[in-house]
1. Quick one: longest stretch of the chain between exposed loop trypsin sites (Lys or Arg not before Pro), exposed meaning at most 13 other C-beta atoms within 10 Å and loop per DSSP?
2. What ranking of M1, M88 emerges when the number of other C-beta atoms within 10 Å of each C-beta is taken as an exposure proxy, fewest first?
3. Express in nm, to one decimal, how much length is gained between S82 and T26 on full extension, taking 0.36 nm for each residue of separation and deducting their alpha carbon distance.
4. Tell me the relative contact order for region 52-189 as a rounded percent, counting alpha carbon contacts under 8 Å between residues six or more apart.
5. Cross-link list K49/K122; K49/K85; K85/K122; K91/K172; K49/K118: which exceed 29 angstrom alpha carbon to alpha carbon?
6. Take the chain, mark every one of the GluC sites (Glu not before Pro) that falls in a DSSP loop and has at most 16 other Cβ within 10 Å, then report the longest stretch left between them, sites excluded.
7. Could you give the nm distance between label points at D113 and L60, where each point is 7 Å from its Cα heading toward the beta carbon?
8. In whole Hz and in residue order, list the ³J(HN,Hα) couplings for region 81-91 that follow from phi through the Karplus curve 6.51 cos²θ - 1.76 cosθ + 1.60, θ = phi - 60°; x for Gly and Pro.
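No value in this document is a laboratory result; all are computed from the given coordinates. The model shown is predicted, which means the values in this text are computed figures rather than measured ones. Note that we place each Cβ from the backbone using ideal geometry, even for glycine, and neighbour counts take in every protein chain shown.
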Amino acid sequence: MPELFAAGEVTGGIHGANRVGGNALTECIVYGATAGQYAAEHAKTTPKKQVDKAWVEQRLERINEIERREPSNLGNPKLVKSRIKKIMWKKAGIIRSQQSLAAAQAELTQLGDENLPKIYGKKPYEVREALEAINLFIVASLVVKAAFVRKESRGAHYRADYPDQDDKKWLKHVVLTKKTEGTEVHTCPVILIKLFP
């Protein structure tokens, strides 16, 4: 993505699919400094851009809509976030399968239809929590969609119905792209870089 400088877990990292907990901290220190340096150099030579007022207006309207809603249990951001976490842990957690992922997808769809249109927040911290719940829902839905596609086990992605790693078919990235209507799923090959002779 142009002009996005990142380091650590958000980049996929140097440790690949089977990242050991805590490794991202050293990654962030080493590659965070590099990303920051390149971002600063890029900022020096990049002209300022005009803010897209229509984009800002859309975001403000989204916030205003959340603030206008009446509080209800269905739209309680804390309850929505808790439900998403439970769905993901039980159905798309450490051990996944076609059946559990289908159940997760069905439950997330129902939650999206019933709860998200009612999510509310009156005070700034409540609005922030409502937006977090919406974003958590989006990420959870994308994780389930990607896990459905990858019919193998690799790293921390373990499919009980596909327990083996399959480099012939699946040495590739699963890419999700936002479209006007929904999300497109496709794959692209992994580029292997030889670091040492």
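1. 50-150
2. Sorted ascending by nearby Cβ count, the order is M1, M88.
3. 17.1 nm
4. This gives 24 percent for region 52-189.
5. Going by Cα-Cα distance, K49/K122; K49/K85; K49/K118 fall outside the 29 Å limit.
6. Longest stretch, sites excluded: 4-180.
7. 3.5
8. Residue by residue, region 81-91 yields 4, 4, 5, 4, 4, 5, 4, 5, 5, 7, 10 Hz.
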